[in-house]
1. How long is the gain from residue 164 to residue 82 if the chain were fully straight, where each residue apart is worth 0.36 nm and the alpha carbon distance is subtracted?
2. Against the longest principal axis of the chain, how steep is helix 40-73, in degrees 0 to 90 to the nearest 10, with axes from Cα atoms?
3. For region 29-126, what are Rg and Dmax over the alpha carbons, in angstrom?
4. Can you tell me the length gained on complete extension of the stretch residue 11 to residue 33, counting 0.36 nm per residue apart and subtracting the Cα distance?
5. So what's the angle, to the nearest 10 degrees on a 0 to 90 scale, between helix 231-241 and the longest Cα principal axis of the chain?
6. Between the helical axis of 9-33 and the dominant principal axis of the chain, each derived from Cα atoms, what acute angle in degrees is found, rounded to the nearest 10?
7. What is the gain in length, in nm to one decimal, between residue 56 and residue 119 on full extension, counting 0.36 nm per residue of separation less the C-alpha to C-alpha distance?
8. Find the eigenvalues of the gyration tensor of the Cα atoms of the chain, then list the square roots of 5 times those eigenvalues as equivalent ellipsoid semi-axes, largest first, in whole angstrom.
């Protein structure tokens, strides 16, 4: 099989590791050289949180990069489909709306925790706590902006990505993004086939469950359009591999 798509997950992995290293340096510096009640504790707490999150994200991208390499180099794919610009556009916009909803849910969880700690510090920790609280609120605002901007970036990336879908036994690649069937933060929960209708083509719907908290699970679907004439292959994928 000729490889036409580049694996960008490795770049994301290396970028996350760089952010983790930078955040760790900031955390150590703030804890060592900045007075805690003058903002040192807040900077150390947030940078530690960012470093831990970046390490988790790097591990996630590392796994995704390996799965994507396996799929792109596989000679035994279950399906490899290409799409017209119109079909790719419609699908990318559906994914964009779902990504917005997932980001909104994650922001409510993480932002809510930061606001809670900020209010506690501002009420009970005196003048230094007030500064810490303001800093945490500023971080919350930054995360809100990211949660709004990230889906738009993902949409632009999807629209500029190769109009291809790869389906393998351990994951799928669609619109340039890879979705492993098993990872430590996400797993595939099932797949169904929906026949063609007047408003949309036939699709394979891969259902995933993503962890967004210690005990919180967020479901989402990836809809892969089935090209005309490939419906029987799509049904076979469901029947033989994922029931």
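No value in this document is a laboratory result; all are computed from the given coordinates. What you see is a predicted model, and the numbers here were worked out from it, not measured in a lab.
1. Gain on stretching residue 164 to residue 82: 29.1 nm.
2. Helix 40-73 sits roughly 20 degrees off the main axis of the chain.
3. Taking only Cα atoms of region 29-126, I get Rg and Dmax of 21.5, 64 Å.
4. My answer for the length gained is 4.6 nm.
5. The answer is roughly 60 degrees.
6. The two axes meet at around 10 degrees.
7. On the way: separation 63, 0.36 × 63 = 22.68 nm, distance 2.72 nm.
Roughly 20.0 nm would be gained on extension.
8. Square roots of five times the eigenvalues give 41, 19, 15 Å.
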